[in-house]
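The values are calculated or read from the model by the stated rules, or taken from the named source; none is laboratory data. Treat the numbers as computed from the prediction; the structure is a model and nothing was measured. We place every Cβ from the backbone using ideal geometry, glycine too, and count neighbours over all the protein chains shown. Protein only, heavy atoms only, side chains kept; ligands, DNA and RNA dropped before computing areas. Shrake-Rupley method; radii C 1.70, N 1.55, O 1.52, S 1.80 Å.
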Amino acid sequence: MGRHTVNAYLLLGRRPVVVDAGTPGSGRRIYEQIAEHGVDPTDVSLIVITHGHIDHFGSAAELHRLTGAPVAGHVADLGPFRSGRVREPYLPTGPMGRLMNRNEKLHGRADPFEPAVLIRGETSLDDFGIAARIMPTPGHTAGSVSVLTDEGDLVAGDLIANSFMGLIPGRPANPPFHDDPRQNLASLREMLALNPTTLHVGHGTPLDPDRVRRWADREHRRLSRLAAAGRLPTREE
């Protein structure tokens, strides 16, 4: 889907950790990219999945088979992980989401998997060789998580994106879908309050925190208007 349209991340420390696994069929490509960075892919200690959308967990099972690394995911997104299918319907955040909702690949099925590491709350990655924490950031999906390193890098999944799925780099925007936009915004603001140095997102290039803060203020006003008009859909579990 393009060089910066769907991202996976390699975190380096005493042992490497991978965050997200792309679309179905991406496992071998991610494996080879790990090796190109001078890292033995079988050294990967953990594969963290930020949430239960197929463009993020699509190759988790394949990457697990290739590396032998366990997979971590939040308990609230176990349904998609175990079935290989996302919760339907998607709830578009705007025109891009309505357009992408027609993409059959987003409604397809990935190889299911069972996370060996179940995330329920803030979780240190120290035992996996990385000075970082998994932080629950619900809203995009109920089980969305981000990873915050001790150096301040926030691997944010779909908490925020670049405009047009990464096609306009550096410009904060909603990803195409959110299950609960207001909860997602609250999660984003909680992460911004921790003063990250950079936001590394699932779609597009890294984002500047100050620019994201200004965007979040505008988004708060927009969501408040939609809520007052009764036009803010959220998923009913």
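Key figures
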{"read-out": "Sequence-distant residues sharing a close amide H with Ala132 (under 5 Å, placed H)", "value": "Leu125, Asp126, Asp150"}
{"read-out": "Debye, to nearest 20: dipole size of the range 195-237, +1 on Lys, Arg Cβ, -1 on Asp, Glu Cβ", "value": "260 debye"}
{"read-out": "Tail beyond 22 Å, pair distance distribution of the range 131-208 (Cα, percent)", "value": "14 percent"}
{"read-out": "Fraction of beta bridges assigned by DSSP in the chain that are antiparallel (%, nearest 5)", "value": "60 percent"}
{"read-out": "Distant alpha-carbon pairs in the range 108-237 (separation over 20 angstrom), percent", "value": "47 percent"}
{"read-out": "Coordinate range along principal axes, alpha carbons of the range 27-95, Å, largest first", "value": "40, 28, 14"}
{"read-out": "Listed residues Phe57, Asn162, Leu91: farthest to the positive end of the dipole of the chain (Cβ charges)", "value": "Leu91"}
{"read-out": "Accessible heavy-atom area order of Arg213, Arg65, Arg235, highest first, probe of 1.4 Å", "value": "Arg65, Arg213, Arg235"}
{"read-out": "Between the range 107-121 and the range 172-221, the alpha-carbon center distance in angstrom", "value": "24 Å"}
{"read-out": "The range 98-148, Rg to Rh (Cα coordinates; Rh as Kirkwood inverse mean 1/r)", "value": "1.10"}
{"read-out": "Alpha-carbon Rg/Rh ratio, for the chain, with Rh computed the Kirkwood way", "value": "0.94"}
{"read-out": "Whole-percent carbon and sulfur share, accessible surface of the range 31-166, 1.4 Å", "value": "49 percent"}
{"read-out": "Accessible area of Val75 in the full protein assembly, 1.4 Å probe (Å², nearest 10)", "value": "50 Å²"}
{"read-out": "Mean ellipticity per residue at 222 nm, deg cm²/dmol - from DSSP H runs of n ≥ 4 across the chain, formula -39500 (n - 2.57)", "value": "-8000 deg cm²/dmol"}
{"read-out": "In order through the range 170-184: 3J(HN,Hα) via Karplus (6.51 cos²θ - 1.76 cosθ + 1.60), integer Hz, x for Gly, Pro", "value": "x, 9, x, 6, 5, x, x, 9, 9, 6, 9, x, 5, 5, 5"}
{"read-out": "Asp210 - accessible surface, heavy atoms, 1.4 Å probe, Å² rounded to 10", "value": "80 Å²"}
{"read-out": "Set of the range 178-198 residues, backbone N closer than 11 Å to the point 7 Å along the Cα-Cβ line of His37", "value": "none"}
